[in-house]
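Peer 1: Submitted below is the structure of interest, expressed as structure tokens.
The values are calculated or read from the model by the stated rules, or taken from the named source; none is laboratory data. Just so it is clear, the model here is predicted, and its values are computed rather than measured. We place every Cβ from the backbone using ideal geometry, glycine too, and count neighbours over all the protein chains shown.
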Amino acid sequence: MEQILNELNPSQREAVEHIDGAMLILAGAGSGKTKTLTARLAYLVGEVGIDPANTLTLTFTNKAASEMRERALKLMPTKVSYPPLLCTFHKFGLLFLKFHIEKLGRSNNFVIIDSDDKKRLLRSIAKALKIDLNLSFIASEISKYKNSLLTPEVVLEKAELPDYKKVAKIYEQYQANIEENNLVDFDDLLMLTYRILDENEELRRETSNRYKYIMVDEYQDTNELQFRLLEHLCSEHDNLCVVGDDDQSIYGWRGANIRNILEFADRFENTKTVKLETNYRSTEPILKAANALIEHNSTRLGKKLVSHKGEGKEIKLLHSLDESMEAKAIAHEIHDLIDSGVDPDEIAVLYRINALSRSLEEGFTKEGLAFKLIGGMRFYERAEIKDIISYFRVLANPHDDFSLVRIINKPKRGIGKASIEKLQKAAFDVHLSLYEYIEQSISGKLPSVVSKKVATALAKLVEDIQLLRDEAKNALGNFITLFEERIKLKDHYAAMVDGFDRILNIDEFYGYFRDAVMKNPDLTLDEFLNDISLQSDQDQIEENAITIMSIHAAKGLEFEHLFVIGLEEEFFPLLGEGSNMEEERRLGYVAITRAKSDLTLCYVDSRFYKGRRKMIDKSRFLGEAGLISDTSLKITKSSAFKKGDLVKHKIFGIGRVQAANKSGKEYKLLINFGGNKKEILSSFVQSI
Ligand code: ATP
Ligand code: MG
């Protein structure tokens, strides 16, 4: 234990040794906030003698939670009776609801739906109500209502503008629908938990007495609901320790409320406030740029941050003509790093918006560079994986109509759309779930509304579902083998053009499932389903490859070598409706401060976006960070075209450059396409 304290500076040590009462640790990036929190947990358990079961440590991503758990466990005495609960807010909600959702009259075999399912459900409700509104808008409005604890009834009553009235109607049906199917969405995990605690004083006291020491990392990203939940959790003791950085608040668009930090000391009497002012992560030039950039924000608490590492390499700027040149240039630099012995885990490429990952993926694949993409099209969102998940959901809960409809004719059983609609209507008329209705109609208890052929197919499906449900109730050791034997999903996908890839994905998923069962032989199907629903963007099967991800996903992480792409007006800062310059700048600050010693900021002259090529200016952030003075770059690497280069054009195909002249921001190229000479602007060709 002495060892832990010795690794800390005096302010960090002071925070670790503070035991009772509220504490706010407010400090800039890389100052050891997370390290302090982990050390404090270990101190409470290993030195003070607090039962680990009486602690609760919350954060925002699974990856951050598992890293913290690892760090804390290493610091703890080997014999802890019970590992401390260290997880995301949502995971905490899930665990809580498993025990207490019955208080709301619901059963605890609920299943979590992800944002994709949520949108599909909203789409079908909107269609039935003949409402034509943007689905993302509807989804985010509903999410806001839930985070403000507004029920559909209240929203219906309050809505005045026509569009909001429509959203309210959809919200009402959406909520009824998910409750009927015993589903919960991500927002419900927090909202229902809060509601139960709010309505049950006895349980609130019990829960607060159970979690006597509560800690929260990345506190600047909590919203109103999370704050109120925390208030309930610490109602009996006020032993709440939060750490955060107002300059890294990047979830304003999702309702994060910076007031939670600003008003913390007012809300909790005798709050101890600790500031950490040494940055241990980054070298001087990186920190200097980050500080210079964030100073342009006006709404800040203002903090000092000095580099412990001191001198280091200057930040590099990488200028390319377009996104494919950019990807190529970065790939070359990364190959050089890896060849010189750098561990790929220490290399990352970040972007502001997910759409920018495509050119990287394409370019890196072409250059033979292995990478793991975090976010983007997630593994669990692929059609074949969602099919298996839907099957599992039906097996866990046959009354989940939503999932049943997805798989009822997959693989093809000759149950067409018209038959499905007839079945849905008939089930609705007699107030049964689709599955119940099907079961009763094939056993003759209810009249059939479909042809004999369809009825036979349904009977076989019900038989398979029952058999697999029975198997799942015993143990899951042999479940996958039986599942594939009965359902034959692989055969279904094998016939498709990209069948090979899909089968690889299916096998990967099956392997993952078997592994989970091996690790936990008591695993149940709904536990498994809920766990995978909660896997955030940051979770991926680890492999030895560089990482590419969004800045949001990179929060709290650090890399020795870092590239940030798209430092251009419009992409970063993201401009347009709803854009908030101060939040963009905070994102810039988060991005830069992920780098330990080697940072490259990249920008291009033109990007292909939303179907067309656009000329763009470099980001104002480069100037604000003191990296360029007006237009002259301190260090520039230009990837230019020259005579003799081979290039590819969308229409004319492959040609060779015969002359290249700078023309404004780009090059005018004279290209010989197999004898056909054309003068073309460089942004319209790719080098090959
Ligand atoms: P962020 O704001 O990005 O979440 P943070 O404040 O949580 O950053 P940490 O990730 O805890 O910072 O620490 C940043 C780096 O500095 C880590 O590599 C950590 O091990 C190191 N570090 C923190 N405190 C010390 C210390 N007292 N001595 C040496 N290294 C330290
Ligand atoms: Mg941290």
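Peer 1: Looking at Thr34, Thr38, which is the one that is without any contact (Cβ under 8 Å) to a residue 60 or more places away in the chain, buried (at least 18 other Cβ atoms within 10 Å of the Cβ), within 16 Å of ligand 2 (Cβ to nearest atom) and part of a helix (DSSP H, G or I)?
Peer 2: Thr38
Peer 1: Another question, if that's okay. Only one residue in Val405, Val430, Val462, Val454 is touching a residue at least 40 places away in the same chain (Cβ under 8 Å) and among the aliphatic types (A, V, I, L, M), so which one is that?
Peer 2: Val454
Peer 1: What number of residues within segment 224-256 are more than 25 Å from Lys304 (Cβ to Cβ), of a type in the set (S, T, N, Q) and crowded, with 20+ Cβ neighbours inside 10 Å?
Peer 2: Residues in segment 224-256 being more than 25 Å from Lys304 (Cβ to Cβ), of a type in the set (S, T, N, Q) and crowded, with 20+ Cβ neighbours inside 10 Å: 2 in total.
Peer 1: Test Asp187 against the stated conditions and say whether it is in a helix (DSSP H, G or I), over 19 Å from Trp253 (Cβ atoms) and not assigned by TED's automatic domain parsing to the domain that holds Gly255.
Peer 2: It is false that Asp187 is in a helix (DSSP H, G or I), over 19 Å from Trp253 (Cβ atoms) and not assigned by TED's automatic domain parsing to the domain that holds Gly255.
Peer 1: Can I ask one more? Looking only at segment 546-561, which residues are buried (at least 17 other Cβ atoms within 10 Å of the Cβ) and more than 16 Å from ligand 2 (Cβ to nearest atom)?
Peer 2: Within segment 546-561, Ile546, Thr547, Ile548, Met549, Ser550, His561 meet the criteria.
Peer 1: Looking only at segment 9-31, count how many residues are more than 14 Å from ligand 2 (Cβ to nearest atom) and either of a type in the set (Ser, Thr, Tyr) or under 13 Å from Asn279 (Cβ atoms) (or both).
Peer 2: 2
Peer 1: Next question. Considering only helices (runs of 4 or more DSSP H) fully contained in segment 327-440, which possess at least 3 residues that are closer than 20 Å to Leu461 by Cβ and not aromatic (Phe, Trp, Tyr)?
Peer 2: 383-396, 401-407, 417-429
Peer 1: State whether the residues of segment 305-317 include one that is assigned by TED's automatic domain parsing to the domain that holds His237, of a type in the set (Val, Ile, Thr) and buried (at least 19 other Cβ atoms within 10 Å of the Cβ).
Peer 2: For segment 305-317, residues assigned by TED's automatic domain parsing to the domain that holds His237, of a type in the set (Val, Ile, Thr) and buried (at least 19 other Cβ atoms within 10 Å of the Cβ): absent.
Peer 1: Out of Thr600, Thr593, I need the residue that is in contact with a Ser or Thr (Cβ under 9 Å, 6 or more places away or on another chain), surrounded by 18 or more Cβ atoms within 10 Å (Cβ to Cβ), closer than 30 Å to Tyr251 by Cβ and at pLDDT 90 or above. Which one?
Peer 2: Within the list Thr600, Thr593, the selection yields Thr593.
Peer 1: Could you list, in sequence order, all residues of segment 103-141 that are in contact (Cβ under 8 Å) with a residue 40 or more places away in the chain and among the β-branched types (Val, Ile, Thr)?
Peer 2: Within segment 103-141, Val111, Ile112, Ile113, Ile125 meet the criteria.
Peer 1: Which numbered condition in (1) under 20 Å from Gly626 (Cβ atoms); (2) within 14 Å of ligand 1 (Cβ to nearest atom) is the only one that Ala348 fails?
Peer 2: Single failed check for Ala348: (1).
Peer 1: If we scan segment 568-585, do we find a residue that is without any contact (Cβ under 8 Å) to a residue 60 or more places away in the chain and in contact with a Phe, Trp or Tyr (Cβ under 6 Å, 6 or more places away or on another chain)?
Peer 2: yes
Peer 1: Please go through segment 43-69 and pick out each residue that is within 16 Å of ligand 2 (Cβ to nearest atom) and assigned to a helix (DSSP H, G or I).
Peer 2: Within segment 43-69, Asn62, Lys63, Ala64, Ala65, Ser66, Glu67, Met68, Arg69 qualify.
Peer 1: Still on this structure: I'm trying to understand the selection: among the residues of segment 276-300, which are in contact with a strand residue (DSSP E or B) (Cβ under 7 Å, 6 or more places away or on another chain) and in contact (Cβ under 8 Å) with a residue 60 or more places away in the chain?
Peer 2: Matches in segment 276-300: Leu276, Glu277, Thr278, Asn279, Arg281, Ser282, Thr283, Ile286, Leu287.
Peer 1: Taking into account only those residues within segment 8-31 that are near ligand 1 (Cβ under 10 Å from one of its atoms) and aliphatic (A, V, I, L, M), which is surrounded by the fewest Cβ atoms within 10 Å (Cβ to Cβ)?
Peer 2: Among those that are near ligand 1 (Cβ under 10 Å from one of its atoms) and aliphatic (A, V, I, L, M), it is Leu8.
Peer 1: Now for a separate question. Going by the conditions given, is Ile330 of a type outside the set (S, T, N, Q), under 30 Å from Thr593 (Cβ atoms) and either without any contact (Cβ under 8 Å) to a residue 12 or more places away in the chain or surrounded by 20 or more Cβ atoms within 10 Å (Cβ to Cβ) (or both)?
Peer 2: Judged against the criteria, Ile330 is a match.
Peer 1: Hey, any hits in segment 83-94 for a residue that's within 16 Å of ligand 1 (Cβ to nearest atom), out of contact with any Pro (no Cβ under 9 Å at 6 or more places or on another chain), outside any loop (DSSP other than H, G, I, E, B) and more than 25 Å from Thr524 (Cβ to Cβ)?
Peer 2: no
Peer 1: A further question follows. Evaluate segment 234-243: report whether one residue or more is more than 23 Å from Thr151 (Cα to Cα), within 16 Å of ligand 1 (Cβ to nearest atom) and within 20 Å of the chain's Cα centre (by Cα).
Peer 2: Scanning segment 234-243, I find no residue that is more than 23 Å from Thr151 (Cα to Cα), within 16 Å of ligand 1 (Cβ to nearest atom) and within 20 Å of the chain's Cα centre (by Cα), so the answer is no.
Peer 1: Is it the case that some residue within segment 374-384 is modelled with pLDDT of 90 or more and under 21 Å from Val184 (Cβ atoms)?
Peer 2: No, every residue in segment 374-384 fails to be modelled with pLDDT of 90 or more and under 21 Å from Val184 (Cβ atoms).
Peer 1: So which residues in segment 265-290 are more than 16 Å from ligand 2 (Cβ to nearest atom), within 27 Å of the chain's Cα centre (by Cα) and either over 30 Å from Gly623 (Cα atoms) or surrounded by fewer than 24 Cβ atoms within 10 Å (Cβ to Cβ) (or both)?
Peer 2: If the condition is that a residue be more than 16 Å from ligand 2 (Cβ to nearest atom), within 27 Å of the chain's Cα centre (by Cα) and either over 30 Å from Gly623 (Cα atoms) or surrounded by fewer than 24 Cβ atoms within 10 Å (Cβ to Cβ) (or both), then no residue fits.
Peer 1: Within segment 361-402, work out how many residues are within 17 Å of Arg486 (Cβ to Cβ) and not acidic (Asp, Glu).
Peer 2: 10
Peer 1: Which number in (1) over 28 Å from Phe528 (Cα atoms); (2) in contact (Cβ under 8 Å) with a residue 40 or more places away in the chain; (3) of a type in the set (Asp, Glu) marks the one condition that Asp491 misses?
Peer 2: Answer for Asp491: the failing condition is (1).
Peer 1: Another question, then. With the requirement that a residue be over 27 Å from the mean Cα position of the chain (by Cα) and of a type in the set (D, E, K, R), what does segment 180-216 give you?
Peer 2: Glu180, Asp198, Glu199, Glu201, Glu202, Arg204, Arg205, Glu206, Arg210, Lys212
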